Each structure stands twice: as C-alpha cells, then as structure tokens.
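Working notes, structure below.
Read-outs: derived from the displayed coordinates by stated rules, not from any lab. Just so it is clear, the structure is predicted and the values come from calculations on it, not from any experiment. Please note: Cβ atoms are built from the backbone with ideal geometry, for glycine as well, and neighbour counts cover all protein chains shown.
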Amino acid sequence: MSWTATILTLFPDMFPGPLGQSLAGKALDAGSWHCDARDLRPFGLGRHNTVDDTPCGGGAGMVMRPDVVDAALAAVSRDDGAPCVYLTPRGRPLTQADIRRYATGPGVTLLCGRYEGVDERVLEARAIEQVSIGDYVLSGGETAALVLLDACVRLLPGVMGSAESGVEESFSDGLLEYPHYTRPAEWDGRAVPDVLLSGNHAAISRWRREQSERVTRERRPDLWAAHLSNTTRSSVQEGHPI
Ligand code: ADE
C-alpha cells in the first residue's frame, strides 16, 4: 500500500486541490501516494447532520462536537499506526523533522477543524497530535493540511527528480538555504557573484555555507541560536576545541 493521507473534513472537495498538479499530482497519478478525503457531515446528528454546538462557558462561534468527530475517526481508523494530526493554530509549530517523520511512515490521518475548533476531550482521548503551520489564523484546517501534505509528498521515494535537491535545502541542517542565481550573468545592472562563475568548487561551497549562515543569522535568530548550540554541543562531544 502506498503512502496514504486520510483527511477528515467538511470540505472534501478541497482535496487533492493544488496537490493534483505538478510534482505531487504526477506522484498521485503514478500511485506513489493516495489521497482519501472523507466528509465529516454524514457523521453529524439529526435531520441536519449537525456537527457543532455552542461553546460551553459562552462566547463567539461554534465548536465541533466530540461524539461526531470520534464517530468519523472510528470510521476511517487505520491499523497501520499512521499518526493522527489535528491542524490548529493552538498546536506546536510544524517542523521539517515532523515532516520527515510523517513521510517515512505509512501516511497520516489529518483532522481539519472549522469554526472555533474541536472539543478538547476527543483530542485528548484519542491522543491526537496538534500542529500549527504558523502564527496566523486560517479559516479552517484544510489549507494547513494541504501544506503538510505537500511537504510530505515531495519527500516520498521517487517523487523528487534529483536526489540532492532533497538534501541541500533550507532546514536540512538547521540553516536556511543560500541564495540562487542563474543566467544571464548580468541582469538589470546586477551581476551574479563572481565566485559562482569561478569553477572553484571548494570556494563555491565555502561561499554558500557563509551565505546560509548570514541569511539564517539575519532572518531567523531563533534557528541561528539553535544551530550554534547544536554545533557547540557536537564539538564538545567529539572532543574538538570550540
Ligand atoms: N487552522 C487555522 N489556522 C491554522 C494554522 N495556523 N495552522 C494549522 N491549522 C490551522
């Protein structure tokens, strides 16, 4: 069985959406992964298949009912150990390490919330991972699920054309990637850095590393601090002077 995404959503037609195109779309057509989007609505209660109710304690919006979500989860439950992930701005930040973990397993079950979110009890009771794709609020978990899936699918075996393109990229060693250039050698009065045209591969590697470090330091002090503490720790472990 190929890597499978089971998605629980009130909007199943949003899948595969953009992932039906380009790299992920070709991989989907080739059977490298499977996209199984299931509608939560039929699990709703009563004549209107109601999935939500007012928040206990008052306040704006509606909350998705735990019994409804649980019935849907039970109906799609998998016996392959795939993790179940709920997309929410209250989750821990999604990282490339999470993506690698999901991509190397059998797949994922993704729970997409709408309204104010899902009743906390079903998330606790079913040990559902809660993950956020960033510090902003989307109108629902579906677009976040598409982001997570895009990041996973490109790592699946045989999906990405060249093997290196998955290795030397942003976050792979805790740094952002160096800047890229192509022809023409001069454009709009701006030249490609000389070193990249020098043919000196050692100098190019050195320049790229310096650029990665500079960009990370300037744009992502959080990643830079983590990188420094990792390199310090591994130097100490290997007995090298810092
Ligand atoms: N649902 C709404 N906003 C979200 C976010 N930032 N990340 C994940 N899921 C979400």
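Can you list the HN-Hα couplings for the range 149-158, worked out from phi with the Karplus curve (6.51, -1.76, 1.60; θ = phi - 60°), rounded to whole Hz and with x for Gly and Pro?
Values per residue, Gly and Pro as x: 5, 4, 5, 6, 4, 5, 8, 5, x, x Hz.
Per residue, what volume in Å³ does the convex hull of the Cα atoms of the chain enclose? Provide the component values of the computation, followed by the final result.
Details: hull volume 49.6 nm³, N = 242.
Each residue corresponds to 205 Å³ of Cα convex hull volume.
Mind grabbing the base-10 log of I(q)/I(0) for the range 168-237 at q = 0.20 Å⁻¹? Debye formula, identical points on the C-alpha positions, no solvent, two decimal places.
Values, matching the q order: -0.89.
Hey, can you grab everything whose amide H is under 5 Å from the amide H of residue 118? Only 5+ residues off in sequence or another chain; H modelled, so Pro and N-termini drop out.
It is 64, by chain and number.
Given the rule -39500 (n - 2.57) for each run of at least 4 DSSP H residues, summed and divided by the residues of the chain, what is its mean residue ellipticity at 222 nm, to the nearest 500 deg cm²/dmol?
Values: 7 runs with 82 residues, N = 242.
My calculation for the chain gives -10500 deg cm²/dmol from helical runs alone.
Answer with one residue from 147, 71, 122: the one whose Cα lies farthest towards the positive end of the charge dipole of the chain, charges on Cβ with Lys, Arg +1 and Asp, Glu -1.
147
Quick one: if the Förster radius is 35 Å, what FRET efficiency do residue 190 and residue 228 give, using the C-beta to C-beta distance and rounding to 0.05?
Details: r = 32 Å, r/R0 = 0.90.
Calculated value: 0.65.
Can you tell me the relative contact order of the chain? Whole percent, Cα pairs under 8 Å, sequence separation 6 or more. All intermediate terms of the calculation are to be shown ahead of the outcome.
Numbers: 331 pairs, mean separation 43.4, N = 242.
It rounds to 18 percent for the chain.
First select every other residue whose beta carbon is under 14 angstrom from the beta carbon of residue 104; then total the charges, Lys and Arg +1, Asp and Glu -1.
Details: positive: 100, 101, 154; negative: 80, 98.
Once positives and negatives cancel, what remains is +1.
Over the range 36-83, what is the mean sequence separation of C-alpha contacts under 8 Å (at least six apart), divided by residue count, expressed as relative contact order in percent? Could you put the intermediate results ahead of the total?
Working: 37 pairs, mean separation 14.0, N = 48.
Normalised by residue count, the contact order of the range 36-83 is 29 percent.
Would you mind classifying the range 66-126 by shape? Square roots of the alpha carbon gyration tensor eigenvalues, ordered a ≥ b ≥ c; an a/c under 1.5 is rounded, otherwise it is prolate if a/b is larger than b/c and oblate if not. All intermediate terms of the calculation are to be shown ahead of the outcome.
Working: a/c = 2.48, a/b = 1.24, b/c = 1.99.
Judged from the Cα gyration tensor, the range 66-126 comes out oblate (a/c at least 1.5, b/c at or above a/b).
Round to the nearest 10 and give me the degree value, 0 to 90, for the angle of helix 201-219's Cα axis relative to the longest principal axis of the chain.
The helix 201-219 is inclined about 50 degrees to the chain.
As I understand it, the value is the acute angle between the Cα axis of helix 221-237 and the longest principal axis of the Cα atoms of the chain; what does it come to in degrees, rounded to 10?
70 degrees
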